[in-house]
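The values are calculated or read from the model by the stated rules, or taken from the named source; none is laboratory data. Keep in mind the model is a prediction, meaning the values are calculated, not measured. Here the Cβ is made from the backbone with ideal geometry for all residues, glycine too, and neighbour counts use every protein chain on show. Remember, those area values only see protein heavy atoms, side chains included, never the ligands or the DNA or RNA. Shrake-Rupley method; radii C 1.70, N 1.55, O 1.52, S 1.80 Å.
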Amino acid sequence: AVFEAVGEQYGQLDVLVNNAGIMLAKPFAEAGIEVLRRQLRINVESVYMGMHGALPLLREAIARGATTASIVNIASIYGKVGGEQYAAYSATKGAVRALTKAVALELATSKIRVNAVCPGFVRTPLVDKQIPEQSKALGISEEEVIKKVMLGKTVDGEFTTVDDVARTAVFL
């Protein structure tokens, strides 16, 4: 329905950014299948459906003379390296990366670019909520959660910012 409305109002679509996602921290041994299923529905199925729904409008943009159209999927560094307490989330973001690569290969000759952005932890209310949860679950201080769990493998020890992700998406 969203893409039908965009098509009716604008006639084409030049860019799609798939940015929906949830991150449920749960030790693997305690995470039931529903933890995975919920994240699959939101993190993977929504990306798949978004790209599939947008494709006719992106093709229309090319047909009308646009030199390129673009899909940008927001994945995560955890889709590359995994994360303790984030097995299901890591699996879904890895799936987004693989899906992005596969669709990019299929659409490469049609002038529709498909890329994924894989940020680290972005300081959002979602992450702020997880800090005390992880502190309790791991039995460490909130400062240690930030320093060791969230930022321990980063080059600069800093959170990725919303602006960092936005600028990258705009560039792509």
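Helix 87-107 against the longest principal axis of the chain: what's the angle in degrees, Cα atoms only, rounded to the nearest 10?
In the chain, helix 87-107 runs at an angle near 20 degrees to the longest axis.
Just want to confirm a number: the relative contact order over the stretch 17-172, from Cα pairs under 8 angstrom separated by 6+ residues, in percent.
Details: 205 pairs, mean separation 36.6, N = 156.
Relative contact order of the stretch 17-172: 23 percent.
With springs only between Cα atoms under 10 Å, which of 120, 157, 82 fluctuates most in a Gaussian network model of the chain?
Of 120, 157, 82, the most mobile in the Gaussian network model is 157.
Whole-Hz ³J(HN,Hα) for each residue in the stretch 109-118, computed from phi via Karplus 6.51 cos²θ - 1.76 cosθ + 1.60 with θ = phi - 60°, x for glycine and proline: what do you get?
Using θ = phi - 60°, the values come out as 7, 9, 6, 10, 8, 10, 9, 10, 9, 10 Hz.
Rounded to the nearest 20 Debye, what is the dipole magnitude of the stretch 126-172 about its Cα centre when Lys and Arg each give +1 and Asp and Glu each give -1 at the C-beta? Don't jump to the answer; show the numbers that get you there.
On the way: 6 positive and 9 negative charges, 36 e Å.
Taking the Cα centre of the stretch 126-172 as origin, the dipole is about 180 debye.
In Å², what does the accessible area per residue of the stretch 34-172 work out to with a 1.4 Å probe?
Numbers: 7710 Å² over 139 residues.
Here the per-residue accessible area is 55 Å².
Amide H neighbours of residue 18 under 5 Å, counting only residues 5+ apart in sequence or on other chains, H built in-plane at 1.01 Å?
Those qualifying (amide H under 5 Å, at least 5 residues apart or on another chain) are 72, 73, 74.
Dividing the alpha-carbon Rg of the stretch 100-172 by 2.2 N^0.38 Å yields what? Spell out each step's value before the answer.
Working: Rg = 16.6 Å, N = 73, 2.2 N^0.38 = 11.2 Å.
Ratio of Cα Rg to 2.2 N^0.38 Å: 1.48.
What does the charge dipole of the stretch 1-51 about its Cα centre add up to, to the nearest 20 debye, if the Cβ of each Lys and Arg holds +1 and the Cβ of each Asp and Glu holds -1?
Working: 4 positive and 6 negative charges, 61 e Å.
Using only the charged Cβ atoms, the result is roughly 300 debye.
Across the stretch 73-78, in residue order, what do the Karplus-derived ³J(HN,Hα) couplings come to in whole Hz, using 6.51 cos²θ - 1.76 cosθ + 1.60 with θ = phi - 60° and x for Gly and Pro?
Once rounded to whole Hz, the list reads 9, 8, 9, 6, 4, 5.
Using the Cα centre as the reference, give the magnitude of the dipole from point charges on the C-beta atoms of the chain (Lys, Arg: +1; Asp, Glu: -1; all else neutral), rounded to the nearest 20 debye.
Values: 19 positive and 18 negative charges, 86 e Å.
Result for the chain is approximately 420 debye, rounded to the nearest 20.
For the stretch 31-87, compute Rh as the Kirkwood radius over C-alpha pairs and then the Stokes-Einstein diffusion coefficient at 37 °C and 0.692 mPa s; write the answer in µm²/s, rounded to an integer. Please list the in-between numbers first.
Numbers: Rh = 13.7 Å.
Translational D for this selection: 240 µm²/s.
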